[in-house]
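What follows is a set of notes on a single structure, which appears directly below.
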Amino acid sequence: MLILFWILALTCVGASIAMVVTQNPVRSALYLVITFLCVAVFYVMLSAQFLAAVQIIVYAGAIMVLFLFVIMLLNLGAPQALRERGTLQPFFAAVLGTAFVVMLLLSNSLVALSKVRPAAPPEVYVPLGTVEGIGKNLFDPKQPWILPFEITSILLLVAIVGAVIMAKRRIQDHTP
Amino acid sequence: MSGNHGDILAYVPLLVLIGVSTAIALAMVVGSFLLGPKKPTAYKATAYECGMTPIGSARERFPVKFYLIAMLFIVFDIETIFLYPWAVTYRAQGYDLKIFYFAEMLVFVAILFVGYFYILGRRALDWDESERAVARDPISPEILAPRPPIRFGNEKSGPVRRLPEPAHVPAYGAVSQEERIAALTSRRE
């Protein structure tokens, strides 16, 4: 289990670094897919199976398509043209990254020092993260999630209308 | 993490499947690369059969239409995500709850159907807008009128004679290929 975690963690970090370093934007996108897949397996290891499926279907599938379309839409051209020059971005990135790592290390040691102990795992394992567990909670009339669930569809409807209006504005001007 | 160990072990077959399929895919690519003879000639390097010789770079800019379709795809993808837990739990319910579940999903899908019909009504999925373009600025009849035949340096050989249509050409496969060719070429005097 731990071995699997470390293999995946190293793959994930390696793919993320490769994604940033690679000059070809399409290859970058493919490295991002590897990172997404690794994160999906992490979700399974944390017994959030539904989230893992969503990660693969939505992120590695649909969102990735959007990324690729943006890359093709912009047509970034030769990789040499992509190099940034004279910006402060690398400096700030380094500072913020170091601060983040220091914060992680500090928080770990602070938790170890403090008397607060993390909550013990429950005696009975409740499969909340599976597809079935989500379904049971989401659609059960005794649970308060019915209205949020239905409102989600209105949210998606708004997304549809917004996308169509933004993209088809030109056509709208011409329709008599 | 010890509580769900059995859960994780259920994914071992999946891991094996991923491993085997990756290995097969790699073996095919690497194997053909290693084993295949490589004797490139100028003729082999040309495009195969009716392939076109490439003109310019393949990195062209992409029409924005694709982006709209991808965005709409994401919305319906998320709708499908909600269908998974519903479908898994639906069967386990009693009769009354089944009706409730069904109505719940019906409302959800009905609201999204409004969006679907909106997309259709706005013709957001229409790929080609030429139909509308014609309605907007009609093409002049001269462009649509039949044009004289294009000549390729044979202007001196007199006017183009259109060959008379053959009386009867048998359907493809009805007669032998030779007979068909004979029927097609019989109009040539």
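The values are calculated or read from the model by the stated rules, or taken from the named source; none is laboratory data. As the structure is a computational prediction, the values presented were derived from the model and not from experiment. Note that we place each Cβ from the backbone using ideal geometry, even for glycine, and neighbour counts take in every protein chain shown.
Out of the residues in region B:64-100 meeting the condition of being in contact with an Asp or Glu (Cβ under 9 Å, 6 or more places away or on another chain) and either outside any helix (DSSP H, G or I) or among the hydroxyl-bearing types (Ser, Thr, Tyr) (or both), tell me which one is nearest to the other protein chains (Cβ to nearest Cβ).
It comes out as B:Thr89.
Give the residues of region A:1-26 that are in a helix (DSSP H, G or I) and loosely packed, with under 13 Cβ neighbours inside 10 Å, sorted by residue number.
Selection gives A:Leu2, A:Ile3, A:Trp6, A:Ile7, A:Ala9, A:Leu10, A:Val13, A:Ile17, A:Val20, A:Val21.
Out of all the residues in region A:27-49, which are within 11 Å of another protein chain (Cβ to nearest Cβ) and either modelled with pLDDT of 90 or more or not in a helix (DSSP H, G or I) (or both)?
A:Leu37, A:Leu46, A:Ser47, A:Ala48 - these are the residues of region A:27-49 that are within 11 Å of another protein chain (Cβ to nearest Cβ) and either modelled with pLDDT of 90 or more or not in a helix (DSSP H, G or I) (or both).
Which of the numbered conditions does A:Pro121 fail, given that it passes all the others? Conditions: (1) modelled with pLDDT under 75; (2) of a type outside the set (Ser, Thr, Tyr); (3) in a helix (DSSP H, G or I); (4) over 30 Å from A:Val33 (Cβ atoms).
Failing condition for A:Pro121: (3).
Filter region A:134-143 for residues that are more than 8 Å from chain B (Cβ to nearest Cβ) and surrounded by 14 or more Cβ atoms within 10 Å (Cβ to Cβ) and give the result.
Passing the criteria: A:Asn137, A:Asp140.
Among the numbered criteria (1) in a helix (DSSP H, G or I); (2) exposed (fewer than 11 other Cβ atoms within 10 Å of the Cβ), which single criterion is violated by B:Arg61?
Among (1) in a helix (DSSP H, G or I); (2) exposed (fewer than 11 other Cβ atoms within 10 Å of the Cβ), B:Arg61 violates only (1).
Restrict the check to region A:52-59 and report whether at least one residue is in contact (Cβ under 8 Å) with a residue 60 or more places away in the chain and under 25 Å from B:Met71 (Cα atoms).
Yes, that holds for at least one residue.
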